[in-house]
1. I'm checking a number: the convex hull volume of the Cα atoms of the range 300-354, normalised per residue, in Å³. What is it?
2. How many Å² of accessible area per residue for the range 32-78, probe 1.4 Å?
3. Need the C-alpha centroid separation for the range 259-322 versus the range 345-379, integer Å.
4. Diagonalise the Cα gyration tensor of the chain and give the resulting equivalent ellipsoid semi-axes, square root of 5 times each eigenvalue, largest first, whole Å.
5. Which value does Rg/Rh take for the range 22-247 over its C-alpha atoms, Rh per Kirkwood?
6. Viscosity 1.002 mPa s, temperature 20 °C: what is the translational diffusion coefficient of the range 1-136 from Stokes-Einstein with a Kirkwood Rh over Cα pairs, rounded to a whole number of µm²/s?
7. In Å and whole numbers, how far do the C-alpha atoms of the range 135-175 stretch along each principal axis, longest first?
8. For n ≥ 4 DSSP H runs only, could you compute -39500 (n - 2.57) per run for the chain, divide by its residues and tell me the 222 nm figure to the nearest 500?
Amino acid sequence: MDARFTVDVKHTLGEPRVLVSRRAMLHNAGVVRRHLAPGVRLCAMLKADAYGHGAAAAADTLCNFCVGDGGDPPADAVAVASVDEALGLPDLPVPVLIVRPLENAFIGRQRLRIEEAVRHGWVLTVCSQAAADDVARIAQGTGRRANVQVLVDTGLARGGASPAELADLLARIDARPSLRLWGLWTHFASADLPDSPFMAEQAARFRAATDAVASARGNRITRHAAASAGLFLHQGVQFDMVRPGLSLLGIDPSGRPSTSRPLRPALKWVAPLIGIQTVPAGGTVGYGRTWAAGRSTRVGLLPVGYADGYPRSFSNGASVLLHNRPAAVVGRVSMDLTTIDLTDHPDAHVGEEVTLLDDNPLSPVSVYRLAEWANTIPYEILSRIGPRVKRVPVDPEDAECADAAEGDDEGAEASDEAEFG
Ligand SMILES: *Cc1c(COP(=O)(O)O)cnc(C)c1O
């Protein structure tokens, strides 16, 4: 295992930190795998630093550790949004996909990024003939073939080639010896609605646009469409590969925990109490004096604020957990600090760790609850946890077959397979 990921938990004691459980991620990957039709591959979507969890450690976990006894690591591929995000990953024994459509190849330093991606063999998304031409030119300069995949717009209207444009674009790609068509993909607009007729419509459009190409090229191209909601809530949309993100991190795409899919949130956000002060009856706390003590109140100080992604809308509205009991946020959440009411925690003392976001999905400070308080979705709560908060991967030593994935030979074998034949 890469030494970078064996952070000693104790080294971050006394600081705000995000504890990320590898074991939970592997458990979730097992749950996802059980929902896949035979032969369907799993591409772990790790954009935005794996939704705030730390993409490098998440990728290491999902590509180098096993679920349960023996078996293979769960991820057959990894996806990120941009080349810069891919550069932040460790070397992985699986294909790396970049989903942001590539344009502007010759503006600024884009060309260097694309060269880098081609050198690494990463799969670039192109949606236009101009983009395909640009990648072909850049690839030629590097002396390597570039792997490309085409995003087909089936109704999300967030980039992509239209089905009508697809044939010409594929012909253009085929005509360029420095390009290799790796895959075809689309993205759904309403996968989180179990009965959405538009979902079926999009899947049908994707099939209509790609069936002929897929049967002509067999397993040499990979078709993929479904993210977490698609694979859990819909039939017949898995194609060759799925791209879950949220569910691997243990959050149910329905927006609430599900008993039929027992996912385990992988992230717990904690911070130490750095101060306790008594505010006399009638005194106020924080900017704008939005909270006044009705009685003499012990107020605790936490070194976390909206700059860390703890939303300002939590002012006088959210709670944290201390000794498994809630403590209310009082006054305004400021950029670096948050204040909580410790009246019901007479035993609280400075240095103790408070839970801002719990890894128990039923906790009063679960990510689902925080999302409700902030009037948003778990994705936004997680991906906004700021860079000041240390990410600490925990329980690496528990991952069952860490040693098996370590040998150089096995790594080499895995990268041969990574092309999927
Ligand atoms: C974010 C994203 C995913 C993963 O979605 P989840 O809902 O987190 O599973 C898959 N594909 C694309 C293109 C995405 O942008």
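The values are calculated or read from the model by the stated rules, or taken from the named source; none is laboratory data. This structure is a prediction, so every number in the text was calculated from the model and none was measured. Every residue, glycine among them, receives a Cβ derived from its backbone with ideal geometry; neighbour counts consider all protein chains shown. Heads up: the accessible areas ignore ligands, DNA and RNA and are worked out on the full protein's heavy atoms, side chains in. Shrake-Rupley method; radii C 1.70, N 1.55, O 1.52, S 1.80 Å.
1. In the range 300-354, the Cα hull volume divided by residue count equals 68 Å³.
2. 33
3. Taking the Cα centre of the range 345-379 as reference, the centre of the range 259-322 is 9 Å away.
4. Square roots of five times the eigenvalues give 43, 23, 21 Å.
5. Rg divided by Rh gives 0.95.
6. Answer, rounded: 130 µm²/s.
7. Answer, in whole Å and largest first: 37, 19, 12 Å.
8. The helix contribution divided over the chain gives -8500 deg cm²/dmol.
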